[in-house]
Amino acid sequence: MTISDPNLQRSTLDALLRTEFSAFTWKVFTAQNAGREEAYIPNWHIDALCHILEEARQGRQSNAVINLPPRHSKSTVSAVSFTAWLLGHDPTAKVLVACHTQRLARMHTEATRAIMDTDWYRSVFPNTRIAPGSTGTELRTTAGGIRMAVTAGVATMGFDADAIIIDDLLDAMEARSETERERVIDYVDSALLTRLT
């Protein structure tokens, strides 16, 4: 084999995408924006976010709170790329993603599904496949893993999670209300965090 051998190039790229979450995230961004003028611009905050999430996946960090201004790709990295990465490494994983609206929950689930349905994802993670019949805000793998998206206030009884991602449970206007903040804090404490195994 030579370095120009396409099989060697493919296996090297697959190995990089399998082992480096920041490289995987870069690939997710470029795949999502194929054919568009928007380009992925690498920045330290994306690498820092990827590092924090990979530390959590490896069990070296159990909790993290990430605050970024709007339009800095926090949701794409954590709710889309990271959930696909988790299920790629462990197709039996149970991942709970909580966000503000049903529309957002569905949009992020569909984006994750689109990534996991690509040929390049299947090449990187050959043991992870989406189960037939996975629809809406629930994405199941053939190995029994699941990515379930919920909105604030939705019951999560009977669901044990290996990982929970909480992505903007309040919009900017609700965040000004002490009552709404307390409601969401109670939901996180009583309905979400109790689901962790």
Problem set entry | Whichever residue in the stretch 21-71 is open to solvent by 90 Å² or more (accessible area, probe 1.4 Å) and of a type in the set (D, E, K, R) and, among such residues, is modelled with the lowest pLDDT | GLU37
For this session: Scan SER73, SER81, SER22 and give me the residue that is at positive phi and touching a residue at least 24 places away in the same chain (Cβ under 8 Å).
Result: SER73
Problem set entry | Number of positions in the stretch 44-70 that are outside any loop (DSSP other than H, G, I, E, B) and either touching a residue at least 60 places away in the same chain (Cβ under 8 Å) or not hydrophobic (A, V, I, L, M, F, W, C) (or both) | 7
Problem set entry | When residues of the stretch 85-99 are limited to those that are in contact with a helix residue (DSSP H, G or I) (Cβ under 8 Å, 6 or more places away or on another chain) and outside any helix (DSSP H, G or I), the one nearest to LEU16 (Cα to Cα) | ALA93
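Let's see how each residue does on (1) in a helix (DSSP H, G or I); (2) surrounded by fewer than 14 Cβ atoms within 10 Å (Cβ to Cβ); (3) in contact (Cβ under 8 Å) with a residue 40 or more places away in the chain; (4) under 15 Å from the mean Cα position of the chain (by Cα):
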position	(1), (2), (3), (4)
ALA105	yes, no, yes, yes
THR109	yes, no, yes, yes
ILE115	yes, no, yes, yes
TRP120	yes, no, yes, no
GLY133	no, yes, no, no
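The values are calculated or read from the model by the stated rules, or taken from the named source; none is laboratory data. Computed from a predicted structure; not experimentally measured. So basically every Cβ, Gly included, is an ideal-geometry build from the backbone, and we count neighbours across all protein chains shown. Just so you know, the surface numbers come from the protein's heavy atoms only, side chains and all, with ligands and any DNA or RNA stripped out. Shrake-Rupley method; radii C 1.70, N 1.55, O 1.52, S 1.80 Å.
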